[in-house]
Amino acid sequence: MKYLMTIILMLWTSICIHAQELETLIQEGLINNPSIQKLDYKYQIATEEVNKVNTLPNTEFNFGFMAVRPEMEMPMERFSVSAMQMLPWFGTLPAKKDYANSLAEVELVNKTIAERKLSLSISQLYYQLYEIKAEQHVLAQNKTLLQTFEKLALSSVSVGQASPVDVMRLQIRQNELQEEIDVLNQKREGLQAALNSLMNRPLDTPITIAVDLNFPEEEPIFSNEMLAYNPELIKYDKLFHSVEQSEMVNQQEGKPLLGVGIEYINQENSPMITSSFKDMIMPMVSLSVPLFNQKHQSVTVQNEIKKQEIQAQKEEQLNRLTAELAQAVSLRKQARIKYNVQEKNLKIAKNAEKILLKNYETGTINYDEILKMQELQLKFQRNQVGALKTYYDQTVLIQYLIQP
């Protein structure tokens with residue numbers, strides 16, 4: 001457990017060190033999201049069901065009176081009143097209560113799963129917004145660089161060392177970069193609306209995004225055993241337990257019901273009654289025996305099949321989560337490799353750019369080559385942004401899979 005908590009702490013630190021607002025967004029979403037509220041109401045209903053099943057059957061009252069009295073010398077009954085209470089077999093009510101509690105636990109796990117999926121969705125949208133902002137920053141930097149090149153080209157044109165076409169190419173490229181910045185603005189608005197909708201707040205509410213992210217120095221090690229804490233697997237344990245509790249209730253309901261009661265009979269006065277008590281009080285006991293219990297036997301067979309089904313579903317889910325974890329870990333490592341390669345390429349491209357710019361002093365600068373080198377740098381920078389976004393996307397997915 002200490003090892004697992006260390007891994008979680010490393011993940012959480014790597015995610016939030018540059019994005020403190022993300023946790024605030026997640027907490028707001030967990031409080032305000034209607035889907036979470038709906039599941040919380042279902043859990044409250046399931047919890048209240050415990051009180052419902054922990055009660056005795058209705059008490060039965062009967063009242064009868066003599067509507068038509070025959071002429072008889074014997075004393076006649078005027079009216080009778082009786083009450084009967086059926087009692088479940090010993091242990092039936094606790095079994096029903098345990099079963100209701102097990103169903104409430106399933107609803108609680110469903111809520112937990114929904115909360116974690118919501119946190120994952122908010123985090124992934126957040127990092128998509130980060131990617132857009134980082135790309136816009138890179139595009140703006142490159143546009144500023146092209147403006148510097150444009151000034152150099154204009155100076156070269158004035159002394160006959162460059163063609164006006166070179167200036168036009170630089171201007172066209174600046175327009176293209178501005179177009180990409182504007183398109184990303186529209187994309188950002190759509191993602192921002194989607195993120196705000198998860199938090200159930202106005203779609204145009206501004207969202208602060210981290211300016212930069214970095215890779216942690218070391219890659220944590222993950223094992224499949226950590227998946228045991230995932231609520232998607234715990235849910236099947238809770239379902240299995242609820243079937244076991246259902247069978248306990250079924251066994252108890254297959255036992256006799258005991259009834260206790262009392263009946264009072266009021267009689268009219270008669271000379272035949274010599275006792276001082278003319279009315280009668282009669283205690284009653286009844287027993288309801290399920291002689292034909294094929295129904296309960298069938299339920300037992302069904303419950304056994306349900307348990308086998310739940311075990312199969314859990315194995316299927318475990319295989320899926322294991323594959324997802326392996327894929328996420330692999331994509332994280334790939335993202336780090338891609339980022340490092342792009343970093344090397346970017347340094348080479350910048351050195352090449354410096355060499356090209358030195359030729360400006362000799363009047364032999366090639367603006368076509370400058371543009372090509374600038375496009376390469378932009379490509380490498382955007383690839384780095386994409387690699388970082390992928391890394392953190394997979395990080396929050398791993399956190400979803402292994403977090404206790």
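Here Ile355, Ile370, Ile310, Ile348 are screened, and the one residue that is of a type outside the set (D, E, K, R) and under 30 Å from Pro88 (Cβ atoms) is Ile310. Take the range 252-279 and flag every residue that is of a type in the set (S, T, N, Q) and either over 18 Å from Met86 (Cα atoms) or modelled with pLDDT of 90 or more (or both). Correct list: Asn266, Gln267, Asn269, Ser270, Thr274, Ser275, Ser276. Does at least one position in the range 82-103 carry a residue that is out of contact with any Cys (no Cβ under 9 Å at 6 or more places or on another chain) and farther than 30 Å from Gly254 by Cα? Scanning the range 82-103, I find no residue that is out of contact with any Cys (no Cβ under 9 Å at 6 or more places or on another chain) and farther than 30 Å from Gly254 by Cα, so the answer is no. Of all residues in the range 140-179, how many are surrounded by fewer than 16 Cβ atoms within 10 Å (Cβ to Cβ) and either in contact with a strand residue (DSSP E or B) (Cβ under 9 Å, 6 or more places away or on another chain) or part of a helix (DSSP H, G or I) (or both)? Summing the residues that are surrounded by fewer than 16 Cβ atoms within 10 Å (Cβ to Cβ) and either in contact with a strand residue (DSSP E or B) (Cβ under 9 Å, 6 or more places away or on another chain) or part of a helix (DSSP H, G or I) (or both) in the range 140-179 gives 19.
Residues that are touching a Pro at 6+ places or on another chain (Cβ under 9 Å) and either surrounded by 14 or more Cβ atoms within 10 Å (Cβ to Cβ) or not in a strand (DSSP E or B) (or both) within the range 286-309 comprise Val289, Pro290, His296, listed in sequence order. In this structure, is Gln186 within 30 Å of Pro34 (Cα to Cα), free of Cβ contacts under 8 Å to residues at least 12 places away in the same chain and not charged (D, E, K, R)? Yes: the conditions hold for Gln186. Taken as a whole, the condition of being modelled with pLDDT of 90 or more and either under 43 Å from the mean Cα position of the chain (by Cα) or β-branched (Val, Ile, Thr) (or both) applies to Thr144. Asp212 passes every criterion in (1) out of contact with any Leu (no Cβ under 8 Å at 6 or more places or on another chain); (2) in a helix (DSSP H, G or I) apart from (2).
The values are calculated or read from the model by the stated rules, or taken from the named source; none is laboratory data. Given the structure is predicted, the values throughout are model-derived calculations rather than measurements. Here the Cβ is made from the backbone with ideal geometry for all residues, glycine too, and neighbour counts use every protein chain on show.
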